[in-house]
1. Could you give every pair whose Cβ atoms fall below 8 Å, whose first residue belongs to the stretch 266-279 and is within 18 Å of PHE321 (Cβ to Cβ), and whose second residue is within 11 Å of the ligand (Cβ to nearest atom), counting only separations of at least 6 or pairs across chains?
2. Among (1) surrounded by fewer than 17 Cβ atoms within 10 Å (Cβ to Cβ); (2) within 16 Å of the ligand (Cβ to nearest atom); (3) in contact (Cβ under 8 Å) with a residue 40 or more places away in the chain, there is one condition GLU168 misses while meeting the rest; what is its number?
3. Among the candidates LEU69, LEU39, single out the residue that is among the aliphatic types (A, V, I, L, M), within 30 Å of LEU136 (Cα to Cα) and at pLDDT 95 or above.
4. If you check PHE247 against the conditions, is it more than 12 Å from the ligand (Cβ to nearest atom) and surrounded by 13 or more Cβ atoms within 10 Å (Cβ to Cβ)?
5. Would it be correct to say that THR29 is at pLDDT 65 or above, closer than 30 Å to TYR291 by Cα and part of a helix (DSSP H, G or I)?
6. Kindly establish whether ALA199 is outside any helix (DSSP H, G or I) and either surrounded by 17 or more Cβ atoms within 10 Å (Cβ to Cβ) or not charged (D, E, K, R) (or both).
7. Is it fair to say VAL260 is over 24 Å from ARG79 (Cβ atoms), within 13 Å of the ligand (Cβ to nearest atom), touching a residue at least 60 places away in the same chain (Cβ under 8 Å) and surrounded by 17 or more Cβ atoms within 10 Å (Cβ to Cβ)?
Amino acid sequence: MTINIKESNNIPPLKRYRSKSMSNSVAYTSLLLIELILLVIKFIYTTIESIVRLFLPPLEKSLVDEIVLITGAGHGIGRELAILFAKQNAIIICWDLDEKGNAETEQMLKIKGYKRIYKYKVDVSNRQEVLDAANLVKQQVGNVTVLVNNAGIMPCRPMFLQSHETIEKIFNVNVLAHFWALEAFLPSMIENNHGHVIALSSMCGVIGLPNVVPYCASKFAVRGLMEALYEELRVGDTKNKKSEIKFTTVYPIMVNTGLVKKPRNRFPFLLDMQAPEKVANIIVKSMRRNYKEVSIPWMLMPLDRISRLLPGKFIQNVKDFIDTGLDPHTDEF
Ligand SMILES: NC(=O)c1ccc[n+]([C@@H]2O[C@H](COP(=O)([O-])OP(=O)(O)OC[C@H]3O[C@@H](n4cnc5c(N)ncnc54)[C@H](O)[C@@H]3O)[C@@H](O)[C@H]2O)c1
């Protein structure tokens, strides 16, 4: 380290340091102030924009020729999504462990006159299988531009009656499978700065419920994965461009697909089982409007946000009063 003796002889070092740091701090404070003013302007702008959006939703984007891959397309919400995406003239790739269910979905789509359908038997919890199937998809169809991480399982029983194998399986299918599919398909989306990732979480990823402790934990994890990945791409640099990859996380309450074996519902007129066609319709609409999150029914998410501001014990009383949830069952999944 070299010291400029001449300069240090003229001005006492401490004073020199002070004057320099003072001018620096004035510049820093002014910049901070400008940033704060900009932040307030942005806050006002985005608040007005959100209010306007409540009455004037964004236009729905076109899905023509998009390559849509749906995991768990052989049944339930995944099958309904395949039908709706095909209706939008997208190319559909159905992945499912259940070959029979997947073939039925393909058949249903072909009967409706949709021809651009591809089906693959894939266990999405197996990373190597996912990567191999993804390579086949790239060769036979092309780069996936819409990824729907939908496949999921939900064994319902008290925590200590869940075997460690079941807990691992829940996390492998409901969480890790999302990572493997993202590993396979997100790079080409980033490369082309075009794509959309949809993930099926659940209201169990927002509120913890008895009898589905591992399931709730897995769906909370999906929420965390989607939010963190969205932020990483938003603040990151995609070829020096703003990332155009969109994310939609879906939080349905009970859907009538057979996944929920023993629902308990004190007020069916308020929180009835949703039809899978209706849920899929909301998912596609929300995705086409680039919504980041959607609960089904929509008011559940705002209600959760408000309820978290209220005293915890009061909310427990409300939960006891509503008395709605999932009873344990012994069926295999
Ligand atoms: N049904 C509900 O009440 C409900 C509520 C909230 C969220 N969800 C979520 O929505 C998603 C779809 O649920 P659903 O009700 O349509 O379920 P579903 O059981 O009707 O269909 C799930 C599909 O995923 C497939 N699958 C399961 N494990 C797989 C694996 N390892 N590899 C490949 N495919 C696999 C199954 O074969 C099945 O075809 C799930 O993630 C679920 O957690 C469902």
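The values are calculated or read from the model by the stated rules, or taken from the named source; none is laboratory data. Because the structure is predicted, anything quoted here is derived from the model rather than measured. Cβ: placed from backbone, ideal geometry, glycine included. Neighbour counts: every protein chain shown.
1. Correct list of pairs: LEU271/ILE253; LEU271/MET254.
2. With respect to (1) surrounded by fewer than 17 Cβ atoms within 10 Å (Cβ to Cβ); (2) within 16 Å of the ligand (Cβ to nearest atom); (3) in contact (Cβ under 8 Å) with a residue 40 or more places away in the chain, GLU168 is out only on (3).
3. When all the criteria are applied, what remains is LEU69.
4. Here the answer is yes, as PHE247 does meet what is asked.
5. The answer is no for THR29.
6. For ALA199, the condition - outside any helix (DSSP H, G or I) and either surrounded by 17 or more Cβ atoms within 10 Å (Cβ to Cβ) or not charged (D, E, K, R) (or both) - is met.
7. no
Let's see how each residue does on (1) assigned to a strand (DSSP E or B); (2) within 11 Å of the ligand (Cβ to nearest atom); (3) over 16 Å from LEU233 (Cβ atoms); (4) aromatic (Phe, Trp, Tyr):
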residue	(1), (2), (3), (4)
GLY142	no, no, yes, no
VAL148	yes, yes, yes, no
ILE153	no, yes, yes, no
VAL173	no, yes, yes, no
ALA177	no, yes, yes, no
ALA184	no, no, yes, no
MET189	no, no, no, no
